[in-house]
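A short worksheet on the structure shown next.
The values are calculated or read from the model by the stated rules, or taken from the named source; none is laboratory data. Being a predicted model, the structure only gives us computed values, none of them experimental. Quick reminder, even Gly has a Cβ in these numbers, built from the backbone with ideal geometry, and neighbours come from all protein chains shown. Protein only, heavy atoms only, side chains kept; ligands, DNA and RNA dropped before computing areas. Shrake-Rupley method; radii C 1.70, N 1.55, O 1.52, S 1.80 Å.
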Amino acid sequence: MDIVSKILIVDDRPENIAVLKTLLNDFDTEIISAGSGNEALALTLEHDFALALIDVQMPDMDGYETVRLLRKVEKTRFLPVIFLSAIYSEDHYQVQGIEAGAVDFITKPFNSRLLLGKIRVFLDMYTQRKMLENEIEHRKLIETELTEAKTKAEESDRLKSAFLANMSHEIRTPLTTIVGMGSLLASKDYPPEKKKEIAGFIEKSSNGLITIINDILDLSKIEAGVIRVTMEPVDINNLLGDLYRTYCENLKRNNKKNVELKLTIPDGEMIHPVTDENRLRQILSNFLGNAVKFTNEGYIEFGYRITDEAIQFYVSDTGDGIPKDKIDLIFRRFQKLHEISRGTGLGLSIAKRLSELLGGDISVSSEPGKGSTFFFTLPYSKGMHNQSEGGNMSETKTQIYDWSSRSIIIAEDEYPVFFLLENILEPTKVRITWAKSGRDAIEIFSGTRKFDAILLDIRMPGLDGIDTFREIRKIDKNIPIVAQTAFAMNDERDELEALGFSGFISKPFIKDEIFRLIDRLFTK
């Protein structure tokens with residue numbers, strides 16, 4: 001940082017000022033002059049001077065009085081002053097000048113080399129003082145930043161510790177239910193109604209455990225900067241219909257009999273914005289999940305509105321509401337509105353980050369005791385929608401598929417996973433052949449029977465799913481092959497897309513997604 005020194009010259013005679021300016025010309029400094037004591041006092045309020053050269057004899061206010069007034073102001077209390085005088089040369093005048101607050105008294109005609117030497121000393125002292133002040137300010141700034149960083153680190157550490165303790169509880173609770181209820185089913189032949197009740201407990205706990213794991217994985221991917229989005233046209237009405245069916249069941253599972261779920265779609269609208277369907281579903285599911293959790297009576301309404309430049313999705317409820325001082329906190333990591341409530345405290349933080357990846361924005365309005373409305377606004381051009389039936393959805397049915405004329409291979413080395421897929425697909429009447437390994441799948445496909453699709457697990461011992469895929473492609477380049485994978489990272493999906501897989505089903509399986517994918521492949 002460059003330090004610019006300023007010298008104040010105070011003299012009522014312009015010719016004296018001109019002489020001093022010429023003498024000081026070799027110094028790299030700024031010279032400012034005043035023709036009176038009053039003018040000098042005013043200038044010290046505007047500038048930070050390194051030194052003042054003041055004439056003693058001036059009309060109205062002499063140099064002595066000027067310096068006495070300077071010493072009464074905090075800013076100029078320690079400003080070095082050298083008196084210059086052609087008349088007052090006796091010792092008692094010089095003593096009076098020092099007592100007034102000057103550091104030196106030089107009589108005219110003065111020795112220019114002596115004066116310049118003294119001036120240089122004071123300029124050097126000013127520069128050193130400023131450098132020291134700058135260093136002190138710099139160190140104070142560093143200390144402030146370190147203190148703030150320490151405070152943030154301690155807060156982050158506290159939140160993470162609380163988060164880990166909470167996760168231990170959140171994971172153990174559903175696991176205890178799953179393991180315990182599974183043991184009950186295995187140990188005793190319960191009547192059908194009791195089995196159904198126990199299976200319901202297992203399903204609810206499993207879904208909760210999946211949500212926790214997904215939140216943790218999403219957070220780790222967001223913080224690592226590896227999460228990506230796949231932008232493609234999305235049928236919004238179809239997506240919201242799926243969510244309506246899902247959360248109708250969710251309300252039933254949670255025994256929320258006094259809560260009505262409403263889906264409102266604008267009349268005459270069927271739109272296909274370009275976005276990531278899975279991430280949009282995740283954001284809205286988070287809103288809906290919270291609404292179900294904190295609403296015990298009244299209604300939950302969701303849908304969207306279209307403006308000239310955006311789609312505004314909303315989820316409104318008549319639940320607990322959020323205090324004003326907590327609204328900003330709910331979008332932070334590891335924060336929960338109610339510490340005793342279930343969940344990771346990550347959902348809204350993840351939703352906000354995902355909304356930013358999609359180019360949108362999340363906001364909320366709420367009133368304690370009356371409910372909340374969460375909004376997700378997504379950029380959209382109004383000219384890109386078509387006509388369709390809209391309105392309030394009060395009743396909808398899951399589509400029923402009849403694939404009795406179709407045959408598929410399920411290549412899966414784990415019998416429980418095959419058993420699960422077999423039972424999911426059972427209502428469709430599709431004919432299923434189980435391949436217990438990659439080589440088994442190749443052998444079955446190479447036989448005389450004809451198949452319409454293959455569901456292929458990627459992680460199999462021996463010949464894995466990718467090598468099995470390549471071998472089958474040598475036999476048939478067109479047979480639809482669907483990858484079964486946990487998709488821990490997006491890179492795996494990218495790799496499978498590049499290889500040419502026809503689609504993907506993720507573990508844990510979502511029944512409706514499997515049905516839609518296979519139906520799309522069968523109707524191509």
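Could you list the chymotrypsin sites (Phe, Trp or Tyr not before Pro) in the stretch 60-107 that lie in coil according to DSSP, counting only those with at most 16 other Cβ atoms within 10 Å of their Cβ?
Numbers: sites: TYR64, PHE78, PHE83, TYR88, TYR93, PHE105; in loops: PHE78, TYR88.
Here the sparse-neighbourhood loop sites are PHE78.
What whole-number value in Å² describes the accessible area per residue of the chain for a 1.4 Å probe? Please list the in-between numbers first.
Details: 29100 Å² over 524 residues.
Per residue, the chain has 56 Å² of solvent-accessible surface.
Give, in nm to one decimal, the length gained when the segment between GLU297 and LEU420 is fully stretched (0.36 nm per residue of separation minus the Cα-Cα distance). Write out the running numbers ahead of the final one.
Values: separation 123, 0.36 × 123 = 44.28 nm, distance 3.54 nm.
My answer for the length gained is 40.7 nm.
Could you bin all the Cα-Cα distances of the stretch 260-315 into 5 Å bins starting at 0 and give me the percent of pairs in each, rounded to whole numbers?
4, 15, 25, 25, 17, 9, 4, 0
Could you quote the convex hull projected area for the chain, Cα atoms only and averaged over all directions, in nm²? Present the calculation step by step, with values, prior to reporting the outcome.
Working: hull surface 163.9 nm².
Directional mean of the projected Cα hull area for the chain stands at 41.0 nm².
Which trypsin sites (Lys or Arg not before Pro) in the stretch 46-85 sit in a loop by DSSP (not H, G, I, E or B) and have at most 11 other Cβ atoms within 10 Å of their own Cβ?
Values: sites: ARG68, ARG71, LYS72, LYS75, ARG77; in loops: ARG71, LYS72, ARG77.
Qualifying residues, ordered by number: LYS72, ARG77.
Checking a compactness column here: for the stretch 116-162, what do you get for Rg(Cα) / (2.2 N^0.38 Å), N being the number of residues? Write out the running numbers ahead of the final one.
On the way: Rg = 20.2 Å, N = 47, 2.2 N^0.38 = 9.5 Å.
Normalised Rg, Cα atoms only: 2.12.
List the GluC sites (Glu not before Pro) within the stretch 235-337 that fall in a DSSP loop (any state other than H, G, I, E or B) and whose Cβ has at most 12 other Cβ atoms within 10 Å. Intermediate results must be reported in sequence, preceding the final value.
Working: sites: GLU249, GLU260, GLU269, GLU277, GLU297, GLU301, GLU309; in loops: GLU269, GLU297, GLU309.
Passing sites in the stretch 235-337 are GLU297, GLU309.
With +1 on the Cβ of every Lys and Arg and -1 on the Cβ of every Asp and Glu, and nothing else charged, how large is the dipole of the stretch 1-136 about its Cα centre, in debye rounded to the nearest 20? Provide the component values of the computation, followed by the final result.
Numbers: 14 positive and 22 negative charges, 47 e Å.
Taking the Cα centre of the stretch 1-136 as origin, the dipole is about 220 debye.
Which residue, ILE136, MET181, PRO273, has the largest displacement toward the positive end of the dipole of the chain when charges sit on each Cβ (Lys, Arg +1; Asp, Glu -1)?
MET181
Which whole-Hz ³J(HN,Hα) couplings does the stretch 350-356 yield from phi under the Karplus relation 6.51 cos²θ - 1.76 cosθ + 1.60, θ = phi - 60°, glycine and proline marked x?
5, 4, 5, 5, 5, 4, 5
Please quote Rg/Rh for the stretch 416-463 to two decimal places, taking the Kirkwood radius as Rh and restricting both calculations to Cα atoms.
Details: Rg = 11.4 Å, Rh = 11.9 Å.
Value, to two decimals: 0.96.
About the Cα centre, and with charges only on the beta carbon of Lys, Arg (+1) and Asp, Glu (-1), how big is the dipole of the chain? Nearest 20 debye, please. Before the final figure, lay out each step's value.
Details: 67 positive and 82 negative charges, 461 e Å.
The dipole magnitude comes to about 2220 debye.
With the cut-off at 1.5 for a/c, could you classify the stretch 201-340 from its C-alpha gyration tensor as rounded, prolate or oblate? Please report the intermediate quantities before stating the final value.
Details: a/c = 1.40, a/b = 1.09, b/c = 1.29.
The shape class here is rounded.
Could I have the simple spin-label model distance between LEU217 and LYS511, label points 7 Å from Cα toward Cβ, reported in nm to one decimal?
Between LEU217 and LYS511, the simple spin-label model gives 2.2 nm.
Given a cut-off of under 8 Å on Cα pairs at least six residues apart, what relative contact order in percent is computed for the chain? Present the calculation step by step, with values, prior to reporting the outcome.
Details: 748 pairs, mean separation 43.6, N = 524.
The normalised contact order for the chain reaches 8 percent.
Compute the length gained on full extension between ARG470 and ILE210: take 0.36 nm times their separation in residues and subtract their Cα-Cα distance, giving the result in nm to one decimal. Present the calculation step by step, with values, prior to reporting the outcome.
Numbers: separation 260, 0.36 × 260 = 93.60 nm, distance 3.17 nm.
Length gained between ARG470 and ILE210: 90.4 nm.
Given the options SER365, ALA40, ASN25, identify the residue whose Cα lies farthest towards the positive end of the charge dipole of the chain (+1 on Cβ of Lys, Arg; -1 on Cβ of Asp, Glu).
Of the listed residues, the answer is SER365.
When the Kirkwood radius is taken over all Cα pairs of the stretch 13-116, what Stokes-Einstein diffusion coefficient follows at 4 °C and 1.567 mPa s, in µm²/s?
Details: Rh = 14.1 Å.
For these conditions, the coefficient is 92 µm²/s.
Quick one: pull the percent of accessible area on the chain belonging to carbon and sulfur, 1.4 Å probe, ligands and nucleic acids left out. Before the final figure, lay out each step's value.
Working: 15030 of 29100 Å².
Within the chain, the accessible surface is 52 percent carbon and sulfur.
Using 0.36 nm times the number of residues separating LEU185 and THR127, minus their current alpha carbon distance, what extension gain do you get?
Working: separation 58, 0.36 × 58 = 20.88 nm, distance 8.52 nm.
Using 0.36 nm per residue and subtracting the Cα-Cα distance, I get 12.4 nm.
Give the relative contact order (percent, whole number) for the stretch 185-329; include only Cα pairs under 8 Å separated by 6+ residues.
Details: 138 pairs, mean separation 30.2, N = 145.
Relative contact order, the stretch 185-329: 21 percent.
To the nearest 20 debye, what charge dipole does the stretch 423-524 have about its Cα centre, counting +1 at the Cβ of each Lys and Arg and -1 at the Cβ of each Asp and Glu? Intermediate results must be reported in sequence, preceding the final value.
Details: 17 positive and 17 negative charges, 95 e Å.
Computed charge dipole of the stretch 423-524: roughly 460 debye.
With r defined as the distance between the Cβ atoms of VAL95 and ASP60 and R0 fixed at 30 Å, what FRET efficiency is calculated, to the nearest 0.05? The partial results should precede the final answer.
Details: r = 24 Å, r/R0 = 0.80.
With a Förster radius of 30 Å, E is 0.80.
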